[in-house]
1. Got a sec? What order do 263, 167, 83 fall in by accessible area at 1.4 Å, biggest, i.e. largest, first?
2. Taking region 45-160 as the region of interest, what is the percent of Cα-Cα pairs per 5 angstrom bin, listed from the shortest bin to the one with the maximum distance?
3. Taking the Cα atoms of region 163-206, report the difference between the largest and smallest coordinate on each principal axis, in whole Å and largest first.
4. Can you list residues whose amide H is under 5 Å from residue 165's amide H, if they're 5+ apart or on another chain and H is modeled 1.01 Å from N?
5. Order 189, 331, 304, most accessible first, counting only protein heavy atoms with a 1.4 angstrom probe.
6. Which value, in nm² and rounded to one decimal, describes the direction-averaged projected area of the C-alpha convex hull of region 375-449?
7. Pull up all non-local amide H partners of residue 330: gap of 5 or more, or a different chain, and H-to-H distance under 5 Å with H placed in the peptide plane.
8. Express in whole angstrom the spacing between the alpha-carbon centres of region 34-77 and region 374-449.
Amino acid sequence: MRAGSSVCAFILARRRRMNNPAARRWAETGPRARMAMALIIGAATGLGHDPWSLWWVSLIGLAALAIVLGAAPTNRQAAATGWAAGTGYFGLTLLWIVEPFLVDPARHGWMAPFALIGISAGLGLFWAAGFGFARWLGGRRGAALALVVTLSLAEMLRSYLLTGFPWALPAYVWTGAAPMHIAALIGPHGLTFLTLLATCGCYGAIAALSRPRGAAVAVVAAVWAVFIGLAWGMRPGDPPSPAAPPGPTLRIVQPNAAQHLKWEPTMMPVFFERAVALTAAGGAPDLIIWPETSVPALLGRAEHLIAAMSGAAKGRPLVAGIQRRGESGYHNSLIVIGPGGRTEQIYDKHRLVPFGEYVPLSNQAARFGVSAFAAQSGFGYAPGPGPAMLDFGPELGMALPLICYEAIFPQVVRAAPERPRWLLQITNDAWFGRFSGPYQHLAQTRFRA
């Protein structure tokens, strides 16, 4: 409660022209203490994401960061404050990044802390740019308002630069809440902007318009009215009536293969037979879906396995993840198996995971024993040609296939050759543990839909 009281006292002091000595001292805090405060607040801001889903904590955190930014006396210190805040934010939201290194801890475990610290500090540079430019554009009084634009742009750049990594966008704190549906109109980057406008922008309006308080209140009320109005208008309608005719039936097969056992020679038949048994259970659905890399053999050498899968599917189409060798190398692929075990359609993943499925500067990385974690071919997979469509006939229609990492990119979905009726995403999230990674991955896939 002491920290919360200090923040409230600081806001009131700003509106009373800093007459409170305690609040004035807080605003004049040294750069190291300010960075430490920003690091803690940044980490707390990450609590809005799954599996915590405390969106209101994220809103308070963003507003508090606007306050800390306003206390930074120079552009350089504002950038340092943003870097600390971003490092804390990504340090919490990307905790799952250590999990792949712990699949084989004897070989890769030592890299885990370096990976978490490195990626958090690296992504924090985008926030450093957002905070620094906000202070430069808006000065001390207008920095919070400018942060709405600069941090939104920084998060958009993070989605594209250096292959892009749009994980944990601020918009995703709304997963499962009414404002989530605004993304259907303006996408996650637009929702990030509105989220910052409703928090940092409102605080900035109060700070910038502290004398004419009526104007400040009007601006804040207008922003929240638009935000709530959009969220209410985009909320889902009533669920379908139970009397509605049933739609197509999908069977999603989950063999529960622990990653450290997945490629063990003695366990591969166990997981495969488990998936086959689940495929054959019950009636015949319209489509059966297996996970990413769930067939334990390369395409072209898996005829006997595909025959068993087709037999269990009882003539129904079956989607499965498989590895295959093409002209440019090995691919992480998806195949559609039809009646008689025919491979009717193939999709090759084109957006690959750095260090997971390919290694940048692989020759230099080899000297340090760094190889691609998820690829069986040493230094990784070759990318496919790009987005493609799968045709499942008149009942199911056209689907856009996505494999694992591809589902986090809004631009990949928008690059589809035509608008799909539905999205088909297969993944193997056993790489990322059971805590935060799979939940955040699912949240982002919901936004794609």
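1. Details: 263 70, 167 15, 83 90 Å².
If we order 263, 167, 83 from most to least accessible, we get 83, 263, 167.
2. All Cα pairs, binned at 5 Å, distribute as 2, 13, 19, 21, 18, 12, 7, 5, 3, 1, 0 percent.
3. Projected onto its principal axes, the Cα set of region 163-206 covers 36, 27, 16 Å.
4. Counting only residues 5 or more places away or on other chains, the set is 159, 160.
5. The ordering from most to least exposed comes out as 304, 189, 331.
6. So the mean shadow area of the Cα hull is 6.1 nm².
7. 382
8. 31 Å
The values are calculated or read from the model by the stated rules, or taken from the named source; none is laboratory data. Source: prediction; values computed, not measured. Ideal geometry is used to build each Cβ from the backbone, glycine not excepted, and the neighbour counts take in all protein chains shown. Please note that ligands, DNA and RNA were not included when accessible areas were found on the heavy atoms of the full protein model with its side chains. Shrake-Rupley method; radii C 1.70, N 1.55, O 1.52, S 1.80 Å.
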